[in-house]
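As structure tokens, the structure follows; a few thoughts come after it.
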């Protein structure tokens, strides 16, 4: 289903009526039954808590930024040099401090964290700082809540839960009251001092008072290229330093965001045409509400009409001065990361052992997969310990200190890009998720009380970020910016969440020109994964058959099991069927003629409503198996299947067909295991060996034997 609301109504009366009905249906004009938090997945930290936890509290300005990989090449961070103007607690060692935040961009690699502070150059405000757990620099305590952002033009301040109408009176007053000490001035903040001075108004400066008479269309999408046309008077014949402002969906519209300069298509004295952004100059996403125009004088006009943003596609920003590419926003695609059409999520040990949490996550995943057909799957018994750029999509309960204070959960989107001439494309290379360890989670299926947070509501929202959707100001949408204790928001809204998700998937089935495989959407009758684990096991018997066994915990609506086999874990063929018994039971199936080398088996679970789910995959070696690389062809990661009669070391050497040696390394093998995951070219390889594509020869050597395996590397 495609949504074309922006072109559906031509007359202002019909347009207004449609907007009113849509906004009413989405809760934009209603009062929510539960008072929501003021920011995405944050629990308020009082000013007293922030002041007590911080070692240093300063007023400052971001004067420079530099992003970098950590030593393990796992995560990208950004170091900000902050010029200090005033001190409210502690003693800085100089007039500048270095603050490190999570995320950033190095070349065409980019990490973006939800519910986490992202600073922009030239931003001013108050920073609550403590020594970082991960390095010796300062970090912002509470992340987003540890920064009171200044709006210099208005002389105001804002953090996720509080608006300060006066910087000198309310910000300084509150901080000195809580700290119990007077403010110390390190150096003059001339920009702020100038902004706070009374404006001298001359008659010839006040002649251009802008007025907005109409907005069209009134229903739009953010981050998709939709264009808002603003008509009126006295906008100025050229933009100059003028700008348009949208309500910020990330804080429910309490502040405004500005589009990038490249988002403006035209500007005249009576009409402005501008793209609706999901990536503003200072961050944020355009949300529903009024629109403002500030002309070059500067004078401000606020629209009487409100727009409705019914979904927002997450964009990333990129500029390249060397190539002459100005800062622009780009729509990232989802890809086929797992060679099975999409992404496979792995769980931390404590997450997977928490059965209610695991089931809530799988229910949330099915909510998206069976409405937008995004290709997401899970794998069991393959635990991950942390979140890092490692080609694994990890879901964990974060250790103490790894999540910012009072953050319920967050999603890490790891992007990669490519440039062809001046054409830039980005895709989602990996998705990681971190959730807080809390005693007040309600994992479901029961409803949360007003003293609990509904875990499934939080997960389905964060999966929306992984789906590359941004916040909305629409209380009945899952991607609404706020969540509250006792609030349940487990079901996607068709007009907003599902429409946005399908837009992203439709774009993602076409690959960017970067040798990246596009996502393959799930089908409607095979979209769900089993929520409750079906424990599938397999073994090669003495007579060279494969015996499969599985046990069900319940069989609600299950009619039969189709047994599927694959030589590579990608392409499966049905080799048999077993009828379900209707009650929990243990089943067996024998494959009388398994493949000679590797066999991958899975169950296709068929239900009475004609829907299908898939079990996890079990691998069984065939009767002629000795050693093999799979998947093959493949990428930089593959697995070596190696039968060993004893524990020993295997030396591996990678050559191309010309005989050039690229790398040597070794692994340990044992009789207890036959699969060993390989990274052919580590990205942090100190030798800086060039990474090749094409046919590789991988020579293996043990103390007793040797041989060569052929591997076709596609990326």
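Here are the numbers:
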read-out	value
Hits in the range 309-324 - residues which are surrounded by 16 or more Cβ atoms within 10 Å (Cβ to Cβ) and in a strand (DSSP E or B)	309, 310, 311, 312, 313, 316, 317, 318
Residue in the range 480-497 that is nearest to residue 311 (Cα to Cα), counting only those that are touching a strand residue (DSSP E or B) at 6+ places or on another chain (Cβ under 8 Å) and part of a loop (DSSP other than H, G, I, E, B)	481
Residues located in the range 101-129, provided they are within 21 Å of residue 150 (Cβ to Cβ) and part of a strand (DSSP E or B)	101, 124, 125, 126, 127, 128, 129
Some residue of the range 513-524 being out of contact with any helix residue (DSSP H, G or I) (no Cβ under 7 Å at 6 or more places or on another chain), part of a helix (DSSP H, G or I) and over 19 Å from residue 330 (Cα atoms)	yes
Qualifying positions in the range 384-395 - on the phi < 0 side of the Ramachandran plot and in a loop (DSSP other than H, G, I, E, B)	385, 386, 387, 388, 389, 390, 392
Residue ID - nearest to residue 530 (Cα to Cα), chosen from residues in the range 381-391 that are surrounded by fewer than 20 Cβ atoms within 10 Å (Cβ to Cβ) and out of contact with any helix residue (DSSP H, G or I) (no Cβ under 7 Å at 6 or more places or on another chain)	381
Qualifying position, being modelled with pLDDT under 95 and at positive phi, among 399, 381	381
Subset of the range 51-60 that is part of a helix (DSSP H, G or I) and either modelled with pLDDT under 95 or out of contact with any helix residue (DSSP H, G or I) (no Cβ under 6 Å at 6 or more places or on another chain) (or both) - its residue that is surrounded by the most Cβ atoms within 10 Å (Cβ to Cβ)	53
Hey, residue 137 at pLDDT below 95, closer than 19 Å to residue 90 by Cα and touching a strand residue (DSSP E or B) at 6+ places or on another chain (Cβ under 7 Å) or not	yes
Residue under evaluation residue 142, criteria (1) within 22 Å of the chain's Cα centre (by Cα); (2) farther than 18 Å from residue 178 by Cβ, criterion not met	(2)
Single residue of the range 295-308 satisfying the filter (over 13 Å from residue 232 (Cβ atoms) and assigned to a loop (DSSP other than H, G, I, E, B)) that is nearest to the chain's Cα centre (by Cα)	306
Candidates 675, 602, 693, 663, filtered to the one that is modelled with pLDDT of 85 or more and either over 22 Å from residue 568 (Cβ atoms) or surrounded by fewer than 17 Cβ atoms within 10 Å (Cβ to Cβ) (or both)	663
Number of the condition not met by residue 81 [criteria: (1) buried (at least 18 other Cβ atoms within 10 Å of the Cβ); (2) free of Cβ contacts under 8 Å to residues at least 60 places away in the same chain]	(1)
Selection from the range 194-230 of residues that are at pLDDT below 95 and more than 18 Å from residue 294 (Cβ to Cβ)	196, 197, 198, 200, 202, 203, 204
From the options 655, 641, residue that is under 30 Å from residue 693 (Cβ atoms), surrounded by 15 or more Cβ atoms within 10 Å (Cβ to Cβ), more than 35 Å from the chain's Cα centre (by Cα) and assigned by TED's automatic domain parsing to the domain that holds residue 670	655
Verdict on residue 459 being assigned to a loop (DSSP other than H, G, I, E, B), surrounded by 16 or more Cβ atoms within 10 Å (Cβ to Cβ) and in contact with a strand residue (DSSP E or B) (Cβ under 8 Å, 6 or more places away or on another chain)	no
Matching residues, the range 445-456, being surrounded by 24 or more Cβ atoms within 10 Å (Cβ to Cβ) and touching a strand residue (DSSP E or B) at 6+ places or on another chain (Cβ under 7 Å)	454, 455
Set 351, 345: member being in a strand (DSSP E or B) and closer than 16 Å to residue 432 by Cα	345
Search result, residues across the range 160-191 that are surrounded by 19 or more Cβ atoms within 10 Å (Cβ to Cβ), farther than 17 Å from residue 52 by Cα and at pLDDT 95 or above	164, 167, 189
Output for the range 569-594, where each listed residue is part of a loop (DSSP other than H, G, I, E, B) and crowded, with 17+ Cβ neighbours inside 10 Å	569, 572, 580, 594
Single unsatisfied condition, residue 352 versus (1) closer than 29 Å to residue 272 by Cα; (2) touching a helix residue (DSSP H, G or I) at 6+ places or on another chain (Cβ under 9 Å)	(1)
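Residue-wise test of (1) part of a loop (DSSP other than H, G, I, E, B); (2) under 18 Å from the mean Cα position of the chain (by Cα); (3) farther than 17 Å from residue 490 by Cα.
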{"site": "340", "(1), (2), (3)": "yes, no, yes"}
{"site": "358", "(1), (2), (3)": "no, no, no"}
{"site": "364", "(1), (2), (3)": "no, yes, no"}
{"site": "368", "(1), (2), (3)": "no, yes, no"}
{"site": "372", "(1), (2), (3)": "yes, yes, no"}
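The rows are residues; the columns are (1) within 30 Å of residue 275 (Cβ to Cβ); (2) in contact (Cβ under 8 Å) with a residue 40 or more places away in the chain.
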| position | (1), (2) |
| --- | --- |
| 187 | no, yes |
| 198 | no, no |
| 212 | yes, yes |
| 217 | yes, yes |
| 224 | yes, yes |
| 245 | yes, yes |
| 263 | yes, yes |
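The values are calculated or read from the model by the stated rules, or taken from the named source; none is laboratory data. Quantities reported herein were computed from a predicted structural model and do not represent experimental measurements. Neighbour counts run over all protein chains shown; Cβ positions are idealised from the backbone, glycine included.
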